[in-house]
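What follows is a set of notes on a single structure, which appears directly below.
Where a number appears in this text, it was derived from the coordinates with a stated rule and is not lab data. Quick caveat, the model's predicted, so the values are computed rather than measured. Cβ sites come from the backbone with ideal geometry, for glycine too, and all protein chains shown count toward neighbours.
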Amino acid sequence: MENKIAIIGLGYVGLPLAIAFSRVYQTFGFDVNQKRINDLKNGIDSNGQFKDINTHKNLNFSYEESSIKDCNIYIITVPTPVDIYKKPDISYLLKASEMVGKMLKKDDIVIYESTTYPTCTNKECAPILQQASQLQLNKDFFIGYSPERINPGDPIYKLENITKITSGSTKEAAVKIDKLYKSIINNTYLAPSIEIAEAAKAIENAQRDLNIAFVNELCIIFDHLGINTHEVLKAAETKWNFLPFNPGLVGGHCISVDPYYLVHIANVYDYHPRVISSGRFINDLMPSFIAQKFIKLLAKHKINPLGARIGLFGASFKENCKDIRNAKVFEVESELKDFGCQVEMYDSLICKQEVEKEYKIVVKRLDEIDGIFDAFLLAIPHNEFLNFNYLKYLKNNGFIFDIKGVLDTNHFNKKILYRL
Ligand SMILES: NC(=O)c1ccc[n+]([C@@H]2O[C@H](COP(=O)([O-])OP(=O)(O)OC[C@H]3O[C@@H](n4cnc5c(N)ncnc54)[C@H](O)[C@@H]3O)[C@@H](O)[C@H]2O)c1
């Protein structure tokens, strides 16, 4: 039988996947967000990942559940955030499973791509599929887990050229799922079990979180000593096996969220991870550390924080990406405002309305910038900020705090350019 693919959840992960599958199979993109579907039907991807959606002939978009009932492969790419207590919120996964369960037919395959903790797919999702379908797993239908590694805004690593982990509930299903992905991407890695695939995804981001937490902690130590961390790292990186990581804000919905999924499942087994939790603690401390360091720099430059006009650059969670979810720069903004600064945020990439709705903050485009500033805080270094004429807009005693150390030091006097 020719595959008919349903992608459930058309966000940063689901849309690229739907487009890739539609090059080979009839593909049906389903999302509960009607505006997202209407936009996509009009060729608009508000996430800014694609400009040519209308050119994909085998791709249909709908918010009607009936549109996907005849598919035989269901791929679930819905959000897996944490709640306010940092506990995994798998409600989207469970809801999507229930919907898919109701339309399951004999020999259908359900593949989960959403990031989750090991055991979630088999212990939480599969029973819902069975109950809703009244079919039996591994006899009537099959499941798999294939975590996503997509990195929005990354010009090098794209869905098609990364290695994708695959897995399945039986050996045959796993091979079938692996073959399915091989038809759209260059490399796959068939993991021995669904739990191994789930765990591999969770630790990839937890490892990154910890590595960044280490350099962030170094920043705090070296700040006490009056040593520049970037200079220390530059020197240390001359050793062949020193791992290069940069200090900075760790936000978004992956690196700053996935470690909590691991912590959760460890807690269920009565083990309380120290290392993973410490990394989270340090990284969550950074907005406050950066804001306080900035205030000290204002004092050093004899600028009164009360009413100081600050240009805060970048409003997404990482550079050259529009995604504002869990962007830590808003915590920096809030703390600077608490100190009495007059903070103006600039970012031409993000959706202004989305930020206003989510954070009640007006963000301007960089070409709207006007007048003279006491200081600039380059928090999220989108390309548009790299060649900006900072000196034109800076007071004589002003300065630039370049968190990630991306500006060319040769262009600035040492007394006005600071790094973490
Ligand atoms: N964005 C990334 O860089 C990235 C990378 C790797 C893994 N992931 C993981 O992939 C998953 C999806 O992330 P994302 O960034 O694409 O999220 P997203 O918020 O951009 O998209 C998710 C979409 O799912 C839709 N949705 C929610 N419930 C639904 C339902 N029941 N049925 C149909 N649609 C539904 C939402 O309306 C939304 O459009 C998460 O688990 C995330 O952790 C994301």
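Amide H to amide H under 5 Å from residue 312: which residues, 5+ apart in sequence or cross-chain, H placed 1.01 Å off N in plane?
Those qualifying (amide H under 5 Å, at least 5 residues apart or on another chain) are 344, 345, 346, 377.
Can you tell me the length gained on complete extension of the stretch residue 369 to residue 304, counting 0.36 nm per residue apart and subtracting the Cα distance?
21.2 nm
As an exercise, identify the chymotrypsin sites (Phe, Trp or Tyr not before Pro) in segment 51-145 lying in DSSP coil whose Cβ has no more than 12 other Cβ atoms within 10 Å.
Passing both the DSSP loop test and the Cβ count: 85.
With a cut-off of at most 11 other beta carbons within 10 Å, and DSSP calling the residue loop, which trypsin sites (Lys or Arg not before Pro) in segment 283-336 qualify? Please list them. Provide the component values of the computation, followed by the final result.
Numbers: sites: 293, 296, 300, 302, 309, 318, 322, 325, 328; in loops: 302, 318, 322, 325, 328.
Here the trypsin sites (Lys or Arg not before Pro) that fit, given the DSSP loop and packing criteria, are 302.
What distance in nm separates the simple spin-label points at residue 234 and residue 131, each placed 7 Å from Cα in the Cβ direction?
The answer from the label model is 5.9 nm.
Once every DSSP H run of n ≥ 4 in the chain is given -39500 (n - 2.57) and the sum is divided by its residues, what mean residue ellipticity at 222 nm do you get, rounded to the nearest 500 deg cm²/dmol?
Values: 11 runs with 145 residues, N = 420.
Estimated from H runs of four or more residues: -11000 deg cm²/dmol.
Once the principal axes of the Cα atoms of segment 208-419 are found, what is the range along each, listed largest first in whole angstroms?
Result for segment 208-419: principal-axis Cα extents of 57, 43, 29 Å.
Rg and Dmax of segment 47-136, using alpha carbons, in Å: what are they?
So, for segment 47-136, Rg and Dmax equal 14.9, 44 Å respectively.
Tell me the relative contact order for segment 4-192 as a rounded percent, counting alpha carbon contacts under 8 Å between residues six or more apart. Could the numbers behind the result be given before it?
On the way: 358 pairs, mean separation 33.0, N = 189.
So the answer I get is 17 percent.
Would you work out the Kirkwood radius for segment 187-233? I mean one over the mean of 1/r across all pairs of different Cα atoms, in Å. Display every interim value, and only then the final one.
Values: mean 1/r = 0.0766 Å⁻¹.
That comes to 13.0 Å for segment 187-233.
Run the simple label-point estimate for residue 271 and residue 243 please: 7 Å along Cα→C-beta, distance reported in nm.
Placing both labels 7 Å along Cα→Cβ, they lie 1.8 nm apart.
Apply the Karplus curve 6.51 cos²θ - 1.76 cosθ + 1.60, θ = phi - 60°, to the phi angles in segment 172-189 and return the couplings in whole Hz, x for Gly and Pro.
Values per residue, Gly and Pro as x: 5, 4, 4, 5, 5, 5, 4, 5, 4, 5, 4, 6, 10, 9, 6, 10, 10, 10 Hz.
Could you run the Debye sum over the Cα atoms of the chain, one equal point scatterer each and no solvent, and tell me log10 of I(q)/I(0) at q = 0.06, 0.08, 0.10, 0.12 Å⁻¹, two decimals?
Scattering profile of the chain, log10 relative to I(0): -0.29, -0.50, -0.75, -1.01.
GNM, the chain, Cα, under 10 Å: largest mean-square fluctuation among 273, 127, 152?
Checking each option, the largest mean-square fluctuation is seen for 273.
Among DSSP bridges having both ends in the chain, what percentage is antiparallel? Round to the nearest 5.
Rounded to the nearest five, the antiparallel share is 5 percent.
Over 29 Å, how big is the tail of the calculated P(r) for segment 4-192, in percent of all Cα pairs? Could you put the intermediate results ahead of the total?
Values: 2868 of 17766 pairs.
When all Cα pairs of segment 4-192 are counted, 16 percent exceed 29 Å.
Along the three principal axes, how long is segment 237-316 when you take its alpha carbons, biggest first, rounded to the nearest angstrom?
53, 36, 22
With respect to the cross-link table entries 322/360; 86/318; 234/357; 35/102, which display a Cα-Cα separation exceeding 29 Å?
234/357
Which whole-number value in Å³ per residue fits the convex hull of the alpha carbons of segment 7-50?
Measuring per residue, one finds 65 Å³ for the Cα hull of segment 7-50.
At what distance in angstrom do the alpha carbon centres of segment 183-212 and segment 70-114 lie from each other?
Taking the Cα centre of each part, segment 183-212 and segment 70-114 sit 18 Å apart.
Where the centre of each part is set by its Cα atoms, how far does segment 293-338 sit from segment 340-394, in angstrom?
10
Dividing the alpha-carbon radius of gyration of segment 275-387 by 2.2 N^0.38 Å (N being the number of residues), what value is obtained?
In units of the globular-protein estimate, segment 275-387 measures up at 1.06.
Using all Cα-Cα distances in segment 336-387, what percent lands in each 10 angstrom bin from 0 up to the longest?
20, 55, 25, 0
Using a simple charge model, +1 on the beta-carbon of Lys and Arg, -1 on the beta-carbon of Asp and Glu, nothing else, what dipole does segment 4-192 show about its Cα centre, in debye to the nearest 20?
For segment 4-192, the charge dipole is close to 260 debye.
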